[in-house]
């Protein structure tokens, strides 16, 4: 409880210091004759406006009715005329009060009393307020000119004030010295208590190192250690301490300097600056309370809406809640999209309520940020839109084996702006989503996941027409079944894709449920095809015939040839004999031409 008592004492002493700061002598400005100000204003306004006009008769009604203006028991001068609404008695009382207030306030110099000349009126006033006024009726009653009478009364008032201050000068310094000593004691007590509280807080922070502070981590990344948190808290305490000390010193200096004429202006400047700063800050804080309440309300509503969205989409992602036509893999992207939209909407509501939102600097920053998004965000927006299109078209998921253009591999990461693919050679390729929506995406995994159908692997070989097609089918199916990653059911099958000029194209189709190892399965399948063809005596070679083929030997399978068929030998003629035959044929054609 001791530390709470110390805080209470500090607060009480600071309050007392502020109270002492109030000027020791009340200002005469509140007591100064308001009727004189009204008279000064009335002299500058036309009579037809209905303002009060000093009543100045040609001859006083009763010059024997004279009321003295008294200060400290001595009569200064007499009032014998009245102003409409103010009798001589009332004028004398108010004037005496105003002069006495100025005499008691040692901060008002005598030279500040001057004569303000108006039409039919002379006002004795300080630099800020009127003290009393003299009319033409007063001059006629004294049988003297108005200016001469005003000058005489001004000098009388100055002398009376100087005499009054001289008589009361003994008590003023003693009173101020007492207050100055009290202020020094209060300031020393405040600073001592604050120092003790600071030391106690330092000890408490050291004790919190092992009990309160914990390292702040995000997964495996440590943002703040225990020592960093303790040092940060210590620095914050020091900042608050020196802020309070600075405030106390400002208040003390502005107060103590008012006791000396040489430093009174400096003290007033310091206090007025600090006071206006605090008052403006307080007024701004109070004026900002409605906006602050609106901001807190908007943040609270946004927080609970986002929290409800997370609960809703978590249920969809976990399978405890289902919506017809809405897939589970849409839950997380839709949640992120809604959170972004809700946050942006809340920001649009909060933005005009922020402090300084209407300032030119704030508007300039907003325009600059908007220009950056407009000029440099076209590609980012295209990628963003492409990312959502890919998500909601369910083109692929993380881990799928896909082929996009010339790139084939597994989806490593799918973000809102780009997609990363790991190829079969462990190459990481990043493709912007804007490019994906313009490409054909071949997914080898989605059939097994979505429709529970295995992937069909296919490969093509070409064989000559001399190999029976039934034998080829049997050999290829046996080769597929010999591969461990090929499914027995559904069974492999062979399609004859084309009948070419020299060969037949056979396509082997086999089912597998392991699309992620397509390369290894194709390699095993090709090896088994080679082995099975070799065992069956089938040469995997497409026959290509040259111009020397005479066409005597048939290339159809033996089962389709006659039983007594014997393949003739290949006719071969020497090159010279071939040229002689050509020459003889030419000579035989000439006589025939002559006959024609």
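The values are calculated or read from the model by the stated rules, or taken from the named source; none is laboratory data. On a predicted model such as this, the values are computed, not experimentally measured, just so you know. Quick reminder, even Gly has a Cβ in these numbers, built from the backbone with ideal geometry, and neighbours come from all protein chains shown.
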* Asked: Under the condition of being part of a strand (DSSP E or B) and touching a residue at least 24 places away in the same chain (Cβ under 8 Å), which residue from segment 126-170 is farthest from the chain's Cα centre (by Cα)?
  -> 135
* **residue 168 being over 28 Å from residue 268 (Cα atoms) and modelled with pLDDT under 85** => no
* Residues of segment 297-309 satisfying the condition of being within 18 Å of the chain's Cα centre (by Cα) and touching a residue at least 12 places away in the same chain (Cβ under 8 Å) -> 298, 299, 302, 306
* List every residue pair whose Cβ atoms lie under 8 Å apart, where the two residues are 6 or more positions apart in sequence or sit on different chains, the first residue falls within segment 427-453 and is within 27 Å of residue 513 (Cβ to Cβ), and the second residue, located anywhere, is in a helix (DSSP H, G or I). => 436/386; 436/390; 444/515; 444/518; 445/515; 445/516; 448/515; 453/447
* Failed item, numbered, when residue 426 is tested on (1) outside any loop (DSSP other than H, G, I, E, B); (2) within 30 Å of residue 455 (Cβ to Cβ) -> (1)
* If residue 245 satisfies every condition in (1) modelled with pLDDT under 85; (2) in a helix (DSSP H, G or I); (3) surrounded by 11 or more Cβ atoms within 10 Å (Cβ to Cβ); (4) more than 28 Å from the chain's Cα centre (by Cα) but one, which is the exception? -> (1)
* Asked: Any idea which residue in segment 519-532 is nearest to residue 399 (Cα to Cα), counting only those that are crowded, with 18+ Cβ neighbours inside 10 Å and touching a strand residue (DSSP E or B) at 6+ places or on another chain (Cβ under 8 Å)?
  -> 521
* Which one of 271, 260 is at pLDDT below 75 and surrounded by 15 or more Cβ atoms within 10 Å (Cβ to Cβ)? -> 271
* Structure fact -> Looking across segment 499-516 at residues that are out of contact with any helix residue (DSSP H, G or I) (no Cβ under 9 Å at 6 or more places or on another chain) and over 15 Å from residue 458 (Cα atoms), the single one that is surrounded by the most Cβ atoms within 10 Å (Cβ to Cβ) is 503
* Enumeration of residues in segment 431-465 that are surrounded by fewer than 16 Cβ atoms within 10 Å (Cβ to Cβ), out of contact with any strand residue (DSSP E or B) (no Cβ under 8 Å at 6 or more places or on another chain) and in a loop (DSSP other than H, G, I, E, B) -> 438, 451, 452, 453
* Taking the stated definitions as given, is residue 396 assigned by TED's automatic domain parsing to the domain that holds residue 426, part of a helix (DSSP H, G or I) and touching a helix residue (DSSP H, G or I) at 6+ places or on another chain (Cβ under 8 Å)? -> no
* Asked: Within segment 399-412, can you find the residues that are at pLDDT 85 or above, within 23 Å of residue 332 (Cβ to Cβ) and surrounded by fewer than 16 Cβ atoms within 10 Å (Cβ to Cβ)?
  -> 412
* Asked: Just to be sure, is residue 182 in contact with a helix residue (DSSP H, G or I) (Cβ under 9 Å, 6 or more places away or on another chain), closer than 30 Å to residue 228 by Cβ and surrounded by 13 or more Cβ atoms within 10 Å (Cβ to Cβ)?
  -> no
* Asked: Can you tell me which of 255, 294 is in contact (Cβ under 8 Å) with a residue 60 or more places away in the chain and surrounded by 10 or more Cβ atoms within 10 Å (Cβ to Cβ)?
  -> 255
* Asked: Going by the structure shown, is residue 475 surrounded by 16 or more Cβ atoms within 10 Å (Cβ to Cβ) and either in a helix (DSSP H, G or I) or without any contact (Cβ under 8 Å) to a residue 60 or more places away in the chain (or both)?
  -> yes
* segment 481-527 - residue that is part of a helix (DSSP H, G or I) and free of Cβ contacts under 8 Å to residues at least 40 places away in the same chain and, of those, nearest to residue 540 (Cα to Cα) -> 527
* Can you tell which of 342, 301, 316, 305 is over 21 Å from residue 391 (Cα atoms), surrounded by 13 or more Cβ atoms within 10 Å (Cβ to Cβ) and touching a helix residue (DSSP H, G or I) at 6+ places or on another chain (Cβ under 7 Å)? -> 305
